[in-house]
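Please read the structure below before turning to the comments.
Read-outs: derived from the displayed coordinates by stated rules, not from any lab. As the structure is a prediction and not an experimental result, all values here were calculated from the model.
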Amino acid sequence: MKQFQFLSLLAGLLMGSLFFVACGDDDDDNATSSNPLVGTWVMQEGNEYHQRTITFVFNSNGTFTQTMEMKAVQSEEEWFEGSRTSGTYTYTDTKLILTTKKYEWQNHETGEWEAQDNDEEYVNEYFFSISGKQLSIKYSEQDEYVEVYTKK
């Protein structure tokens, strides 16, 4: 009888240990996201007078930040302009929807970011495509102007 109890206890412990092994944490914190937008995307453009850089950072939690910096290239008077927006995003195969919740402007003298007093949310819909490390964004499906960003 004692041998039966011992074997029953041993079988129970074995089954319990299998349960813990089978139900372990299978989440891979370092797995790459299936969201093709996640990451940092940069576009630079300009001419002989100014240089403009726009950076999008799309996070896996559905938030984004867009930073725009513009500065003089060849000018007797140096100037710099910066703005930053942030909010949430969703997407489908071809549409990117940005809900902007926070606006900031960069102070020219101090370089500090200052929040704009605006509690309104703005929803903007864009058309996008991704090919390799290039993100193309258009304001409408028929729009000929395309902003092309490179993934960093």
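So how many Å³ per residue does the convex hull of the Cα atoms of the range 35-94 work out to?
On the way: hull volume 4.5 nm³, N = 60.
Dividing the Cα hull volume of the range 35-94 by its residues yields 75 Å³.
Taking a cut-off of 22 Å between Cα atoms, list the lysines near residue 133, but don't count ones fewer than 8 places away on the same chain.
95, 151, 152
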